[in-house]
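Asks: Take a look at this one; I'll ask things after.
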Amino acid sequence: MLDPKVLMTIKDLPLLAKTVIDGFMNGFNKSKVKGPGLEFSQYRSYQPGDDLRWLDWRMFARSDRYYIRESEVETSISVRFLVDASASMNHDDSGVKKIDYARFLAASLAWLSNLQGDSVGLYVFEDGGLFSLASKPDPQHLQRLLYHLQQVKPSGAFTQPIHYKELFAGGGRKELLVFITDMYQSAGEISRLLDSLSALKHEVVVFHLMGKNELEFDFSGYSTLEDLETGETVDVNAQQATEYQTKLKTHLEDIRMQLLGKHIYYRMLSTSQPLDEALRSFLVQRNKSKF
């Protein structure tokens with residue numbers, strides 16, 4: 001159920017998020033893979049013989065599953081989801097748009113965060129402005145976040161820089177900021193945003209979305225491509241594929257190294273790719289942010 005094409009058939013975003021996380025956690029709990037940052041919060045699945053005094057009934061109410069509290073240590077954090085809603089996020093690959101994938105990913109991660117007791121907030125970079133929904137930990141707030149996420153309609157160019165440092169300062173408390181974007185920018189506006197976020201000493205995760213057709217230069221049947229934000233067009237042909245992929249590889253490596261230099265975690269995702277790896281990456285970074 002983590003395949004984006006399958007998720008497209010689920011129109012109710014809360015149901016989609018719950019379906020993704022239930023499926024992911026079922027596989028995750030059965031996984032033989034061990035390593036730092038892969039534990040599910042301070043909980044583990046109930047096993048016959050466990051002391052019933054340590055059952056977490058709130059977790060049961062949220063997930064319809066039994067979890068045992070292994071620690072009373074406070075591990076909740078604030079997780080803010082930053083979503084790029086510029087027109088380039090309308091890029092379509094086999095019926096899945098980048099904004100669809102961004103919506104699925106943000107909704108699933110917000111659901112998982114709320115399940116772990118974290119505060120969640122939403123910030124949508126729209127044409128000419130920024131929608132903001134401050135972080136709160138309660139389930140009703142999660143529903144508000146999912147509602148606003150469902151309403152996002154990409155258009156225009158990426159928001160020009162505003163008072164990012166003041167907006168994302170977090171009152172001096174370390175937070176986890178999850179930025180979902182296609183990294184398309186005309187004048188370095190995304191780079192300036194990431195510079196500001198990096199300076200705040202938060203844990204920052206960038207999920208860079210690309211269509212499989214972009215990665216493989218698979219535009220058969222098209223002789224002209226149009227920039228979704230500027231309207232500019234360019235003629236293309238199959239002979240350009242090798243040169244294109246060479247330049248793309250260099251471009252992606254440059255982005256990765258630039259963000260590494262800012263101590264920002266970077267993960268490039270194809271919109272044809274199931275959400276598993278993104279969710280695992282998020283859990284690793286989420287656990288780092290607790291300390």
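The values are calculated or read from the model by the stated rules, or taken from the named source; none is laboratory data. These numbers come from a predicted model, not from an experiment. Using ideal geometry, Cβ is built from the backbone for each residue, glycine included, and neighbour counts are taken over all protein chains shown. All accessible areas refer to the heavy atoms of the entire protein, side chains included, with ligands and DNA or RNA removed. Shrake-Rupley method; radii C 1.70, N 1.55, O 1.52, S 1.80 Å.
Asks: Working carefully through the options THR246, THR230, THR250, THR224, find the one that is at pLDDT 90 or above, surrounded by fewer than 18 Cβ atoms within 10 Å (Cβ to Cβ) and of a type in the set (S, T, N, Q).
Replies: So the residue among THR246, THR230, THR250, THR224 that is at pLDDT 90 or above, surrounded by fewer than 18 Cβ atoms within 10 Å (Cβ to Cβ) and of a type in the set (S, T, N, Q) is THR250.
Asks: Given the condition assigned to a helix (DSSP H, G or I), open to solvent by less than 10 Å² (accessible area, probe 1.4 Å) and modelled with pLDDT under 90, answer yes or no: does some residue in the stretch 52-63 qualify?
Replies: For the stretch 52-63, residues assigned to a helix (DSSP H, G or I), open to solvent by less than 10 Å² (accessible area, probe 1.4 Å) and modelled with pLDDT under 90: present.
Asks: Criterion first (of a type in the set (Asp, Glu) and at pLDDT below 95) does ASP100 satisfy it?
Replies: The answer is no for ASP100.
Asks: Continuing with this model, one more query. Would you be able to say whether some residue in the stretch 206-216 is at pLDDT 90 or above and either of a type in the set (Asp, Glu) or farther than 19 Å from ASP92 by Cα (or both)?
Replies: Yes; the residues of the stretch 206-216 include at least one that is at pLDDT 90 or above and either of a type in the set (Asp, Glu) or farther than 19 Å from ASP92 by Cα (or both).
Asks: Additional query: Restricting to the stretch 170-213, name every residue that is part of a helix (DSSP H, G or I) and of a type in the set (Lys, Arg).
Replies: Passing the criteria: ARG192, LYS212.
Asks: Continuing with this model, one more query. Taking into account only those residues within the stretch 121-173 that are small (Gly, Ala, Ser) and touching a residue at least 60 places away in the same chain (Cβ under 8 Å), which is farthest from ASP100 (Cα to Cα)?
Replies: Looking at residues that are small (Gly, Ala, Ser) and touching a residue at least 60 places away in the same chain (Cβ under 8 Å), I get GLY170.
Asks: Let me ask something else. Being surrounded by fewer than 20 Cβ atoms within 10 Å (Cβ to Cβ), at pLDDT below 95 and not in a loop (DSSP other than H, G, I, E, B), is that true of even one residue in the stretch 70-86?
Replies: No: the stretch 70-86 contains no residue that is surrounded by fewer than 20 Cβ atoms within 10 Å (Cβ to Cβ), at pLDDT below 95 and not in a loop (DSSP other than H, G, I, E, B).
Asks: OK, next. Under 21 Å from LEU112 (Cβ atoms) and at pLDDT 85 or above: which single residue out of ILE180, ILE190 fits that description?
Replies: ILE180
Asks: Among the residues of the stretch 165-183, which ones are surrounded by fewer than 19 Cβ atoms within 10 Å (Cβ to Cβ) and within 15 Å of VAL83 (Cβ to Cβ)?
Replies: LEU167
Asks: Test each condition in (1) part of a loop (DSSP other than H, G, I, E, B); (2) open to solvent by 50 Å² or more (accessible area, probe 1.4 Å); (3) modelled with pLDDT of 90 or more; (4) not small (Gly, Ala, Ser) for PHE131 and report the one that comes out false.
Replies: Answer for PHE131: the failing condition is (1).
Asks: What single numbered condition from (1) at pLDDT 65 or above; (2) in a loop (DSSP other than H, G, I, E, B); (3) of a type in the set (Gly, Ala, Ser) fails to hold for GLY37?
Replies: (1)
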